[in-house]
Amino acid sequence: MRIYNTKSLKIEEFVPLKEHEVSMYVCGPTVYNHVHIGNVRPVVVFDTLRRLFEALGYTVKYVSNYTDVDDKIINRALELGISEKELTDEMIEAYNRIRHLMNAEDLYATPRVTMTMNEIIEFIDGLIKNGSAYEVDGDVYFDTSSVADYGSLSNQNIEDLKVGARIEENEQKRSPLDFALWKKTDMGIKWQTPFGEGRPGWHTECVVMINKELGPLIDIHGGGKDLRFPHHENERAQSMALNHSELANYWMHSGMIDVNGVKMSKSLGNFIIAKDILTTLDPMVLRWFLLGTHYRQDVNVSDEIIENARTELNKVLNALKQAQVKLSLNDFAADGYNQEAYDRFIAAMEDDLNTPNAYGEIFELVKKINQELRVRDLNLETLGADTNTLTKELTILGIRYPEMKLTEEDREIYRLWNEAKAAKDFETADKYRTVLTEKGIL
């Protein structure tokens, strides 16, 4: 397995901390509103990575959080006239419905910031005590100069960062690059601490939840590439300062979403809310579409591109369905696989999750299955092996697929349909065809 490590800017061989086990953390949503398809992409990408590791024999401890403390949450709750907890509970439930629709597997842990507060406060206190953080009038800031290679994760020049940061310079901070670990507040949910009443900063929350659920060093930290700086850079800095350790051995970042060639953003009003698009679009078509572009590249959304994804997936699933029908009609239960085809698919996936190349292998296998279905004397063993291989590959991609198991009644109708066609009784044949189509057999 080879992974592009954002920190080194190189594709590296994956070597886990523990043999046959992968620890992985992916930043989850700030739950103040319904998620957009930009939030769905990391769900799909890292769920697929997890499925691949499992297919390779690893046990995966995959953690993703809910940020349920934030200014956006406070403002949205005030706007709606409900409590912050009511809002975040509702949005977490809505987000999990989307995850379920997208066929994402359940996670090892889903921590909430509000349920990790004791650990967050203790973590910040530790940074203050070792001199990596400082308190100013109830606010606590991280001293970025306490980490010698600050900026190395995002490969940024510190002097350039300082120039950019001075635009929003806070006179309380020692350096424009220093960031808030704790914010004094008199509005919204807050906690009492040795350094004052308030709530935590975003960058501290994730590193603490990683430490709590998986330990001080994990295999993979993932998220959208927009999180690389400052969020992930600041997470790593705090780990280096308190734990004297890297936070993760591999950093993976997925690309952004464009809509009709334009970056998706609130200011442009071209956000696509996931729950809205999924009222008319099959979630598996959306998943197939999102995986059709390499995860590190940006994805462009348009009606035409979505329609192409729908057509592609239909071709794959129709071939699978017809193969299953033929096998069921012949009462043949295949237990073999096309090992060569499967190995080529896995080789593509092991190459930094190269889903476009993996799709190419799937299309070749579908072409072979279609050729086998056109032969009068079916080779059931070969067809069965190829069908099993295709289902195995679709499972790794997280694509739900049909499972056609015909009843005796189904088989009888299928026989009568063929008899009517052979007798050129097209009116009767059409009636049987309608029944078979309604059953999803044709």
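The values are calculated or read from the model by the stated rules, or taken from the named source; none is laboratory data. Predicted model, so just to flag it, every value in this text is computed and none were measured. FYI the Cβ positions are ideal-geometry reconstructions off the backbone, even for glycines, and counts take in every protein chain you see.
Selection over the range 241-263 of residues that are assigned to a loop (DSSP other than H, G, I, E, B) and either of a type in the set (Lys, Arg) or over 18 Å from the mean Cα position of the chain (by Cα) (or both) gives a count of 7.
Does the range 315-323 include one or more residues that are touching a Ser or Thr at 6+ places or on another chain (Cβ under 7 Å), among the polar types (S, T, N, Q) and part of a helix (DSSP H, G or I)? Break it down stepwise before answering.
We begin by selecting, within the range 315-323, every residue touching a Ser or Thr at 6+ places or on another chain (Cβ under 7 Å); these are 320, 323.
From the residues that got through so far, the ones that are among the polar types (S, T, N, Q) too are none.
No, the range 315-323 has no match at all.
Taking each residue of the range 208-237 that is at positive phi and looking for partners that are buried (at least 24 other Cβ atoms within 10 Å of the Cβ) and outside any helix (DSSP H, G or I) with beta-carbon atoms closer than 6 Å, six or more apart or interchain, yields 223/26. The residues of the range 335-386 that are charged (D, E, K, R), assigned to a helix (DSSP H, G or I) and over 21 Å from residue 49 (Cα atoms), listed by number, are 340, 364, 367, 368, 372, 381, 386. The set of residues from the range 298-315 being among the polar types (S, T, N, Q) and in contact (Cβ under 8 Å) with a residue 40 or more places away in the chain comprises 300, 302.
Check the range 284-293 and report whether any residue there is assigned to a loop (DSSP other than H, G, I, E, B), at pLDDT below 95, of a type in the set (S, T, N, Q) and not assigned by TED's automatic domain parsing to the domain that holds residue 21. No, the conditions are met nowhere in the range 284-293.
Please verify whether residue 132 is touching a residue at least 24 places away in the same chain (Cβ under 8 Å) and of a type in the set (S, T, N, Q), treating the condition exactly as stated. Judged against the criteria, residue 132 is a match.
Would you mind listing the strands (runs of 3 or more DSSP E) fully within the range 1-64 where at least 2 residues are surrounded by fewer than 23 Cβ atoms within 10 Å (Cβ to Cβ)?
Working: elements: 2-5, 10-13, 21-26, 59-64.
Here the list reads 2-5, 10-13, 59-64.
Number of residues in the range 369-386 that are out of contact with any Leu (no Cβ under 8 Å at 6 or more places or on another chain), buried (at least 18 other Cβ atoms within 10 Å of the Cβ) and modelled with pLDDT of 95 or more: the value is 1.
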